[in-house]
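The values are calculated or read from the model by the stated rules, or taken from the named source; none is laboratory data. Note that the coordinates shown come from a computational prediction; the quantities given were computed from them, not determined experimentally. Neighbour counts are summed over all protein chains in view; Cβ atoms, including those assigned to glycine, are modelled from backbone coordinates with ideal geometry. Note: accessible area is taken over every heavy atom of the protein model, side chains too, but ligands, DNA and RNA are not part of it. Shrake-Rupley method; radii C 1.70, N 1.55, O 1.52, S 1.80 Å.
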Amino acid sequence: MKKTMPIDGKFELMALPYAADALEPVISANTLSFHHGKHLAGYVNNLNAALPGSGLEGMSIEQIVLNTPTGMHNNAGQILNHNLYFSQFRSPRADNAPTGKLAHVIEVEFGSFEAFKEVFAKAGATLFGSGWVWLSADKEGNLKITQEPNAANPIQHGLRPLMTMDVWEHAYYLDYQNRRPDHLAALWQIIDWDVVAARYEAE
Ligand code: MN
């Protein structure tokens, strides 16, 4: 997994790899502008403000997530989580689905892509409060679906994160209000399975 390093002592707000309205109607430009430009930017600013004198200068985001107590961990975890989240989307497609080796492994482990989506959606719907649902790979390449509370990331369990859905209300409330399951169901249209497959095939 590629490490995210500070530049001149500061972490940068990731640039979105698509236009602000590229994910509509699944994620509106309005939601995206708050989620990326306010929420993620806030985590970046908070972490950068806390870095001087912390002894963590020069560490990657991943090292901070794995090695630090709550306050720093929360901001670093949210940066790592959102960077993986925002970089895994593309414009909506009908019948959007993985291909190649990852598609094969999903079929072997879950029975079918549809069955996989059901298990993932249930994990998203039943995660109480704020957090993230993840598809990850273990060291042998087996797939795992986990619910992570608040700012946690699967790297804390030795897993390699592949794909995620943010179930914090800020991710969907402007567009879907309380309808979290509807939001999660719509996200399948915009998952960039090429990005997810590349994460699976990377060391
Ligand atoms: Mn979020």
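For segment 4-41, which residues satisfy the criterion of being in contact (Cβ under 8 Å) with a residue 60 or more places away in the chain, within 27 Å of Ile155 (Cβ to Cβ) and of a type outside the set (A, V, I, L, M, F, W, C)?
Thr4, Pro17, Tyr18, Thr31, His35, His39
Check Leu16, Leu66, Leu23, Leu32 and return the single one that is part of a helix (DSSP H, G or I), within 16 Å of the ligand (Cβ to nearest atom) and surrounded by 14 or more Cβ atoms within 10 Å (Cβ to Cβ).
So the residue among Leu16, Leu66, Leu23, Leu32 that is part of a helix (DSSP H, G or I), within 16 Å of the ligand (Cβ to nearest atom) and surrounded by 14 or more Cβ atoms within 10 Å (Cβ to Cβ) is Leu32.
Do we find that Ala185 is within 15 Å of the ligand (Cβ to nearest atom) and either open to solvent by less than 30 Å² (accessible area, probe 1.4 Å) or farther than 18 Å from Lys3 by Cβ (or both) in this structure?
Spelling it out, it is not the case that Ala185 is within 15 Å of the ligand (Cβ to nearest atom) and either open to solvent by less than 30 Å² (accessible area, probe 1.4 Å) or farther than 18 Å from Lys3 by Cβ (or both).
Residues being of a type in the set (A, V, I, L, M) and within 14 Å of the chain's Cα centre (by Cα): count how many of those fall in segment 73-122.
Total satisfying the criteria: 4.
Being outside any helix (DSSP H, G or I) and surrounded by 19 or more Cβ atoms within 10 Å (Cβ to Cβ) is the filter here; which residues of segment 189-203 pass it?
Ile190, Ile191
Applying the selection to segment 170-182, what residues are of a type in the set (Asp, Glu) and open to solvent by less than 50 Å² (accessible area, probe 1.4 Å)?
Asp175
Of (1) under 23 Å from Tyr43 (Cα atoms); (2) within 16 Å of the ligand (Cβ to nearest atom), Ile190 satisfies all except one. Which?
(1)
Quickly run through segment 110-169 and pick out the residues that are open to solvent by 10 Å² or more (accessible area, probe 1.4 Å), within 16 Å of the ligand (Cβ to nearest atom) and assigned to a helix (DSSP H, G or I).
Selection gives Glu169 alone.
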